[in-house]
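Below you'll find the structure, written out as C-alpha cells, and then a few comments.
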Amino acid sequence: MSCGKTVLEINGLKVTLKSKACETKECCNKLPLVNDVSLAVSQGEVTGLIGESGSGKSLTCLSVMNLLPDTMVLDKGRITIAGSSLEEFSLADSSTKNNHLKNRTQNLTSQWRCFRGRRAAMILQNPMSCFDPIFTIGYHIKETISAHGLDWKSHRSKVDSTLCELGFESPNEILSAYPFQLSGGMLQRIMVSLALLLEAELLIADEPTTDLDVIVQARILDIIDKMRKEKNVGVLLVTHDLSVIARLADNVSVMQNGAVVESGKVEDIFHRPKAAYTKALLDAHFSLYGSNINEVLL
Amino acid sequence: MNILELDNISKIYHRGGWFGRGSSINALVDINIAVAEGKSVGVIGRSGAGKSTLGRIILGLEKPDKGKVKYRGKDIQRFTKEDWKKFRQEVQVVFQNSLGSVNPKWQILDIIAEPILNFKTMSHQDLRKKVINLLEMVGLSYDDANKYPHQFSGGQLQRICIARALSLEPRLIVLDEAVSSLDMLIQAQILKFLKKLQNQTGVSYLFISHDIRIVTGFCDTVAVINKGRITSQVTSLLQAEKSDDPILRELARSVLPALPKRC
C-alpha cells in the first residue's frame, strides 16, 4: 500500500451544542458532542471510523465539510486538508468568541464553497434524499460541474466515460432519467461519479452502504476500493459495520460517546484490540456470523 | 410437529387494465415451506424477490391465489372465528419499520398492553407489572413505560416492537427484516435474545432477510427465493458458496469478510 501524503488531518476536534444560555454564561463546555477527536487520512488509503449510532461519527464528518447544523458549534480543534489549514479555532479568549467566529465564518464562506465538492466530496447514507426529484440526473451533474467553473460541453465525454467506469452501460439513458427512476445503489454510484468528475482528493463516505442490499453493497465497496487504488483518493469511511471496515480500511478509529477510544492499523484492531469497547464491538461482529463463524475465520 | 406449513402457495398481482390489457406479476410461485415447532426457518432473497408477500400471506393479511397455509395442520382459509382468535394470539410479527409500527400518540405502556387487552382482562397494576417485565426482557427499563415513541432510537423502538410481539406468549414469530436497519451491536444483542427465548419457550421463527450471513447463522434451514420461486435450500454459508444456484452464490459471494485480508 502506498504511503502518500496526508490529505486530511483532524487535531483535537471538539463540537458542542450551542444553546441560548451559552451566549451569556460560560457553559459551552457542558455538552461536548465530539470531544478531542484526532485522525488522519492519507492519499490512496482508507481510514475507517466506527462506532454505534450517536457516537459522533457523522458530526466529525460534517465538521470537516463545515456543514454542522446551526445548533452546534465547532469549539476547538484544527482541520488540515492537503497541507493547507482552512480553519483554526482557538477560542481561549471567550469575550471575543462570538465576533471572532462570525468574522471568520464570513471570510471563509467563499473559500469553503471552492473547497467542498472540488477537493473533498461526500457521499451519504440515503442517496435518494441527495437529489432533487424534479430534475434529471444530467441536470444534477451539469449543475455540479458548472458550479465549480467547468464547462459542460467540453466535459461531456468525461462524464460519459466516468459513468461507464462505474458500470452504467448507456450513459445517455441515465442522464435523462429522474432520481426516482433509479435504485438506491444506482444513485449512490451517481454520487461517486460526481466525486470522480471533480477529481476530489478526499472522499468522505458516511454509511455509504447501510440502506442497500448485500449485493449492491459489495459493488459500491468495490468501486470505492478501485477509486483509492487507481485515482489515489483518500477515503474517510464512516460505518457501524465492522465487516465494511474489514473489507476496505487500512486504519481504524473507534469512537464511543464522542471520543476516540482506540485507533490503529486495521489488523491490530481486529487481532489485538485494547479498549474494552472495541472488544465488545468485535464480539458483536463475530456473533452475527452465528454458526458460520468457524468457516469464515479459516 | 410442524406448526406452519405452506402448501404450493402462489400469488399473482395484477396491475393496470382499466382501458387495455393489464399486466400481471407472479409474486410467488408454488412455495412449499414447513416450520417445525421450536425451529427457525429463514427466507432469503434480493429486494423484490417476494419475501415480504410471503410474510403477509402467512399472517393472513393477504389471500394466496393458489395453495394452502396450514397452521397446526388446519387450513387458515377454513378457520372459524375461534381459530382466528387463537391464531392471532399465537402468531406475531415484527416489521422492519419500527416507527411505522407504533402509534405515535400512545405511551409505550399502552402500545405493549394493547394486544394483551385484546385477549385478556387484567387489573391496571398487573398489566403495568407485565409490561415492565417485558421491557426488562428486551433490555429497557421501567421508566421507559411512560415515554412516547419519538423519545426512542430506532433500535430501542425495534425492541419495543419485539416486546409487544412477546406479550401474548406467541408460538410463531414472523420477523420481516426485523434487524436489518439496526446498528451492529444491537443486531447481535437482539439475535442473542431471540435465540435464548427460543431455548426457553420453544417458540418458532420465520426469519425474512436479505443478509445471508445473519440468516444462515441464526436459522436451522434457509430457503432462497428468487422471482417468487424457491430456488434452493441451504444451512450454512460454506454450503452457499459452493451451491449451483447462481443467486445463492452471488449472495454468498457478496458477504463481507469477518477479518481484514491483506494482499
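The values are calculated or read from the model by the stated rules, or taken from the named source; none is laboratory data. Because the structure is a prediction, the values reported are computed rather than measured. All Cβ positions, glycine included, derive from the backbone under ideal geometry; neighbour counts span all protein chains shown. Please note that ligands, DNA and RNA were not included when accessible areas were found on the heavy atoms of the full protein model with its side chains. Shrake-Rupley method; radii C 1.70, N 1.55, O 1.52, S 1.80 Å.
List of remarks:
- Average beta carbon contacts from partner chains per residue of A:279-289, 10 Å cutoff: 5
- Solvent-accessible area per residue, Å², over the protein assembly as shown with all protein chains present [probe radius 1.4 Å]: 47
- Under 13 Å, Cβ to Cβ, from B:Ser243 - net charge with Lys/Arg +1 and Asp/Glu -1: -1
- Candidate aspartates and glutamates - alpha carbon under 17 Å from B:Lys70, same-chain residues fewer than 8 apart omitted: B:Glu5, B:Asp7, B:Asp30, B:Glu37, B:Glu62, B:Glu82, B:Asp83, B:Glu90
- Accessible carbon and sulfur surface of chain B relative to its total accessible area, %, 1.4 Å: 49
- Buried on assembly, region A:221-266 (at least 50 Å² less accessible surface than by itself, 1.4 Å probe): A:His240, A:Ala246
- Residue pairs, from the table B:Lys68/B:Lys120; B:Lys39/B:Lys74; A:Lys57/A:Lys279; A:Lys158/A:Lys231; B:Lys86/B:Lys120, whose Cα atoms sit over 21 Å apart: B:Lys68/B:Lys120
- In Å², nearest 10: area of A:Thr16 left accessible to a 1.4 Å probe: 0
- Taken residue by residue and averaged, Cβ atoms of other chains lying within 10 Å of the Cβ of B:150-159 number 1.
- Annotation: the antiparallel percentage among DSSP beta bridges lying fully within the protein assembly as shown is about 55.
- Summed buried accessible area for B+A [probe radius 1.4 Å, Å², rounded to 100]: 3100
- Backbone phi angles across region A:139-152, fed through the Karplus curve with coefficients 6.51, -1.76 and 1.60 (θ = phi - 60°), yield HN-Hα couplings of 5, 4, 5, 4, 4, 5, 6, 6, 5, 9, x, 9, 8, 5 Hz in residue order; Gly and Pro are listed as x.
- Over the protein assembly as shown: helical MRE at 222 nm, DSSP H runs n ≥ 4 each giving -39500 (n - 2.57), nearest 500: -11500 deg cm²/dmol
- Accessible surface ranking that places the most exposed of A:Glu262, B:Glu169, B:Glu250 first, with a 1.4 angstrom probe: B:Glu169, B:Glu250, A:Glu262
- With contacts taken as Cα pairs under 8 Å at a separation of at least 6 residues, chain B carries a relative contact order of 26 percent.
- Karplus-derived 3J(HN,Hα), 6.51/-1.76/1.60, for each residue of region B:91-97, Hz, glycine and proline x: 10, 10, 9, 10, 8, 5, 7
- By average C-beta atoms within 10 angstrom, highest first, the peptides B:121-130, A:213-222: A:213-222, B:121-130
- Surface listing: A:Phe270, B:Phe95, B:Phe19, A:Phe286 arranged by accessible area from highest to lowest gives B:Phe19, B:Phe95, A:Phe286, A:Phe270, probe 1.4 Å.
- Loop-located trypsin sites (Lys or Arg not before Pro) in region B:131-223 (DSSP state other than H, G, I, E, B) with a sparse environment of at most 12 neighbouring Cβ atoms within 10 Å are absent.
- Listed residue pairs exceeding 19 Å between alpha carbons, taken from A:Lys18/A:Lys76; B:Lys130/B:Lys192; B:Lys129/B:Lys196: B:Lys130/B:Lys192; B:Lys129/B:Lys196
- Restricting the GluC sites (Glu not before Pro) of region A:175-248 to loop positions (DSSP other than H, G, I, E, B) with no more than 15 neighbouring Cβ atoms within 10 Å leaves A:Glu199.
- Accessible carbon and sulfur surface of region A:131-200 relative to its total accessible area, %, 1.4 Å: 53
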